[in-house]
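The values are calculated or read from the model by the stated rules, or taken from the named source; none is laboratory data. Everything quoted here is computed from the prediction, not taken from an experiment. Every residue, glycine as well, gets a Cβ built from its backbone with ideal geometry; the counts of neighbours run over all protein chains shown. Accessible surface areas use protein heavy atoms only, side chains included; no ligands, DNA or RNA. Shrake-Rupley method; radii C 1.70, N 1.55, O 1.52, S 1.80 Å.
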Amino acid sequence: MSTKTTPGPDSDAALRVKALESLLLEKGLVDPKALDELIDTFENKVGPQNGAKVVARAWVDADYKKRLFEDGTAAIAELGFEVMQGERMVVVENKADVQNIVVCTLCSCFPWAALGPPPVWYKSAPFRARTANDPRGVMREFGLELPPDAEVRVWDSNAELRYLVLPERPAGTEGMSEEELAALITRDSMIGVAKVEPPVK
Ligand code: FE
């Protein structure tokens, strides 16, 4: 749980969570240590840093990249990132003339194991509705302008299938280590609303 206080429905949700937590602990229904472990998982262990490691590995290791496309779930688990809800991970590749974008038009299905919890905008009704109809317009709002002849592929996630975008490795990154590469890779680039930017000189 974030300790940041936000106005509106979020603070109400935070209060309810607090109340539920106290109640469960008081009734002895949850072990406080298990709860701490869960919170640690969501705060520190699950997040876009995992997906970034997957992408960086794929950039430097052609065999790994091949396995990633053949069986995304298994290849992502190879790096220690297991899916949490029995979903299958599918990795889709961006190219100079192909840009993939991930959405869940129904609700907010997201590749948690690779990217952590979804950002608020991903869950928002406008993003969900517009990405299906006007993916280029959505990308433009994120500052991503595609060449007119580029192909856009929209991937609609669901409970069973979750997509991760493999962004293009930017120019000027030859000779960078896997770790240095991972530091360049953003969550948004793995959802498909941004490119990975070359390192600032
Ligand atoms: Fe969903």
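Taking the listed residues Gly28, Gly80, Gly86, the one that is outside any helix (DSSP H, G or I), within 16 Å of the ligand (Cβ to nearest atom) and either among the polar types (S, T, N, Q) or out of contact with any strand residue (DSSP E or B) (no Cβ under 7 Å at 6 or more places or on another chain) (or both) is Gly86, with no other qualifying.
Among residues of the stretch 145-160 that are touching a residue at least 60 places away in the same chain (Cβ under 8 Å), those with a Cβ under 7 angstrom from a residue that is within 10 Å of the ligand (Cβ to nearest atom), sequence gap 6+ or separate chain, pair up as Ala159/Cys109.
Yes/no matrix, rows are residues, columns are (1) of a type in the set (Gly, Ala, Ser); (2) closer than 16 Å to Ile185 by Cα; (3) open to solvent by 40 Å² or more (accessible area, probe 1.4 Å):
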{"residue": "Pro126", "(1), (2), (3)": "no, no, yes"}
{"residue": "Pro135", "(1), (2), (3)": "no, no, no"}
{"residue": "Glu141", "(1), (2), (3)": "no, no, yes"}
{"residue": "Leu144", "(1), (2), (3)": "no, yes, no"}
{"residue": "Ala159", "(1), (2), (3)": "yes, no, yes"}
{"residue": "Thr173", "(1), (2), (3)": "no, yes, no"}
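The residue of the stretch 104-124 that is nearest to Trp155 (Cα to Cα), among those that are among the hydroxyl-bearing types (Ser, Thr, Tyr) and more than 9 Å from the ligand (Cβ to nearest atom), is Tyr122. Of all residues in the stretch 67-94, those being within 24 Å of Glu168 (Cβ to Cβ), in contact (Cβ under 8 Å) with a residue 60 or more places away in the chain and hydrophobic (A, V, I, L, M, F, W, C) number 6. The set of residues in the stretch 52-68 being part of a helix (DSSP H, G or I) and more than 23 Å from Pro117 (Cα to Cα) consists of Trp59, Val60, Ala62, Asp63, Tyr64, Lys65, Lys66, Arg67. In summary, Leu106 fulfils each of the numbered conditions (1) under 23 Å from Val46 (Cβ atoms); (2) surrounded by 15 or more Cβ atoms within 10 Å (Cβ to Cβ) with the single exception of condition (2).
To keep it simple, each residue is scored yes or no on (1) assigned by TED's automatic domain parsing to the domain that holds Leu106; (2) assigned to a helix (DSSP H, G or I); (3) within 16 Å of the ligand (Cβ to nearest atom); (4) at pLDDT 95 or above.
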position: Gly143; (1), (2), (3), (4): yes, no, no, yes
position: Arg153; (1), (2), (3), (4): yes, no, no, yes
position: Arg162; (1), (2), (3), (4): yes, no, yes, yes
position: Gly172; (1), (2), (3), (4): yes, no, no, no
position: Gly175; (1), (2), (3), (4): yes, no, no, no
position: Glu179; (1), (2), (3), (4): yes, yes, no, yes
